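Enquirer: Below are the structure tokens for one structure; questions will follow.
The values are calculated or read from the model by the stated rules, or taken from the named source; none is laboratory data. This structure is a prediction, so every number in the text was calculated from the model and none was measured. As a convention, Cβ positions derive from the backbone with ideal geometry for all residues, glycine included, and neighbour counts pool all protein chains shown.
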Amino acid sequence: MATKPFEIKASIVIEATPAKVHEVMNDLARLDDWNPFMGMDKTVVSKISEKSFGPGAVCDYEGKKIGKGRMEIISSGPDLIRFKMTFFNKKTEYADAEYRIVPEFEGTRVTWVMSGERSGKLRLINMVLNLDKMMTKNFQDGLKVLKAVIE
């Protein structure tokens, strides 16, 4: 069965400068401070590369509920941080993700986006379990914690 594209996103406005938001989001050593997935699975063990920020920074993780995966920053500029997600399941899956950082009158709008391709099996699982809605909520929860951490 052919794959089809998907995109999940959530946004929040944080009362801080884009530079301050970028500083926190660009450093994987600070990821556990606000990442919603680490709190969902108390068994998660994560390892951050020696270089924790900017392109080339890597976070490897593994937990009973969230599984095994890798997050690698592939580019980072003042208004966009792009990273590659790798999920090591029975079949390795990939997704592209990014943090969009846009100044607004009230502060900075942060949008967390994940996109990729889904096989027929994953599309069926998504329809049954409504994974996109669940992931959107997880992104929103993480952004709320990020807001509290930064403000």
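Enquirer: In segment 87-98, is there at least one residue being touching an Asp or Glu at 6+ places or on another chain (Cβ under 8 Å) and in a strand (DSSP E or B)?
Expert: Scanning segment 87-98 turns up at least one residue that is touching an Asp or Glu at 6+ places or on another chain (Cβ under 8 Å) and in a strand (DSSP E or B).
Enquirer: From the set of residues in segment 77-106 that are small (Gly, Ala, Ser) and within 14 Å of the chain's Cα centre (by Cα), which is modelled with the highest pLDDT?
Expert: Of all residues in segment 77-106, those small (Gly, Ala, Ser) come to 77, 95, 97.
Checking which are within 14 Å of the chain's Cα centre (by Cα) leaves us with 95, 97.
Numbers: 95: 91, 97: 96.
Selected residue: 97.
Enquirer: If you check 75, 11, which single one turns out to be within 21 Å of residue 144 (Cβ to Cβ), in contact with a strand residue (DSSP E or B) (Cβ under 6 Å, 6 or more places away or on another chain) and surrounded by fewer than 18 Cβ atoms within 10 Å (Cβ to Cβ)?
Expert: 11
Enquirer: If you don't mind, there's one more thing I want to ask. Looking only at residues in segment 9-61 that are in a strand (DSSP E or B), without any contact (Cβ under 8 Å) to a residue 60 or more places away in the chain and under 14 Å from the mean Cα position of the chain (by Cα), which one is nearest to residue 76 (Cα to Cα)? Outline the logic, then answer.
Expert: Keep residues of segment 9-61 that are in a strand (DSSP E or B), which gives 9-14, 27, 45-48, 53, 58-61.
Keeping just the survivors that are without any contact (Cβ under 8 Å) to a residue 60 or more places away in the chain gives 27, 45-48, 53, 58-61.
So of that shortlist, the ones also under 14 Å from the mean Cα position of the chain (by Cα) come out as 27, 58-61.
Values: 27: 11, 58: 13, 59: 16, 60: 19, 61: 21 Å.
Per the stated criteria, the residue is 27.
Enquirer: Then there is this: Residues of segment 46-75 being over 18 Å from residue 115 (Cβ atoms) and among the polar types (S, T, N, Q), which ones? If you could, list the steps in order and put the result at the bottom.
Expert: The first filter runs over segment 46-75 and keeps only residues over 18 Å from residue 115 (Cβ atoms), leaving 46-68.
Answer for segment 46-75, where residues must be over 18 Å from residue 115 (Cβ atoms) and among the polar types (S, T, N, Q): 46, 49, 52.
Enquirer: Count, please, the residues in segment 17-50 that happen to be at pLDDT 95 or above and out of contact with any Asp or Glu (no Cβ under 6 Å at 6 or more places or on another chain).
Expert: So the answer is 17.
Enquirer: What number goes with the only condition from (1) touching a Pro at 6+ places or on another chain (Cβ under 8 Å); (2) among the small types (Gly, Ala, Ser); (3) without any contact (Cβ under 8 Å) to a residue 24 or more places away in the chain that residue 76 does not pass?
Expert: (3)
Enquirer: Please work out if residue 65 is in contact with a helix residue (DSSP H, G or I) (Cβ under 7 Å, 6 or more places away or on another chain) and part of a loop (DSSP other than H, G, I, E, B).
Expert: Numbers: in contact with a helix residue (DSSP H, G or I) (Cβ under 7 Å, 6 or more places away or on another chain): yes; part of a loop (DSSP other than H, G, I, E, B): yes.
So residue 65 passes the test.
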